[in-house]
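The values are calculated or read from the model by the stated rules, or taken from the named source; none is laboratory data. Remember, it's a predicted structure, so these values are computed and weren't measured experimentally. For neighbour counting, all protein chains shown are included, and Cβ atoms are generated from backbone atoms with ideal geometry for every residue, glycine included.
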Amino acid sequence: MRRVCIGRIEDVPDGEGRAVTLYGRTYAVFREGDRLFALENRCPHAGGPLADGFVGGGSVTCPLHGWKVDLRTGKIAGGLGEQVRVMPVIRGEEFIYLEVDLPYENQQTYDCACGK
Ligand code: FES
């Protein structure tokens with residue numbers, strides 16, 4: 001796992017999600033109040049972009065057909081048995097960091113927002 005800075009906290013407005021692409025993979029980062037969450041940005045139903053979904057009550061509702069995904073666990077509401085991959089997200093004082101599993105060939109330097 002590698003910790004990567006993906007931007008400023010203020011770049012993700014409260015109650016919204018943002019898509020972040022790192023090394024060819026796209027993640028969805030959400031903010032609900034003071035809490036931050038990160039999921040794979042792909043709904044297991046038909047690939048909908050979860051970062052564009054509606055955030056509320058600890059879940060995101062997929063913008064395509066309305067499946068509800070728990071932001072903390074990645075589980076789909078209604079016990080459908082499917083799950084979205086959850087990524088560890090760390091809240092710094094100013095920046096957001098994701099812990100991502102990178103393929104060996106993609107271990108190059110990443111130009112992060114914090115300059116570290
Ligand atoms: S693609 Fe997400 S509910 Fe259909």
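Structure notes:
- Just one of (1) under 23 Å from L22 (Cα atoms); (2) more than 9 Å from the ligand (Cβ to nearest atom) fails for L80. It is (1).
Let's see how each residue does on (1) touching a Pro at 6+ places or on another chain (Cβ under 6 Å); (2) at pLDDT 95 or above:
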position: F37; (1), (2): no, yes
position: D52; (1), (2): yes, yes
position: V60; (1), (2): no, yes
position: L64; (1), (2): no, yes
position: D70; (1), (2): no, yes
position: K75; (1), (2): no, yes
position: G78; (1), (2): no, no
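- Meets criteria (more than 16 Å from the ligand (Cβ to nearest atom) and either within 12 Å of the chain's Cα centre (by Cα) or not basic (K, R) (or both)) for D11: yes
- From V55, V29, V20, residue being among the hydrophobic types (A, V, I, L, M, F, W, C), over 13 Å from L98 (Cβ atoms) and part of a strand (DSSP E or B): V55
- Given (1) touching a Gly at 6+ places or on another chain (Cβ under 6 Å); (2) surrounded by fewer than 16 Cβ atoms within 10 Å (Cβ to Cβ), index of the condition V60 fails: (2)
- Lone qualifier among A28, A19, A51 - being surrounded by fewer than 16 Cβ atoms within 10 Å (Cβ to Cβ), within 12 Å of the chain's Cα centre (by Cα), within 26 Å of G81 (Cα to Cα) and free of Cβ contacts under 8 Å to residues at least 60 places away in the same chain: A19
- For segment 58-77, the set of residues classified as part of a loop (DSSP other than H, G, I, E, B) and either touching a residue at least 60 places away in the same chain (Cβ under 8 Å) or touching a strand residue (DSSP E or B) at 6+ places or on another chain (Cβ under 6 Å) (or both) consists of W67, L71, G74, A77, listed by residue number.
- Inspection of segment 34-51 identifies no residue that is touching a helix residue (DSSP H, G or I) at 6+ places or on another chain (Cβ under 8 Å), away from the ligand (no atom under 16 Å from the Cβ), of a type outside the set (A, V, I, L, M) and in a strand (DSSP E or B).
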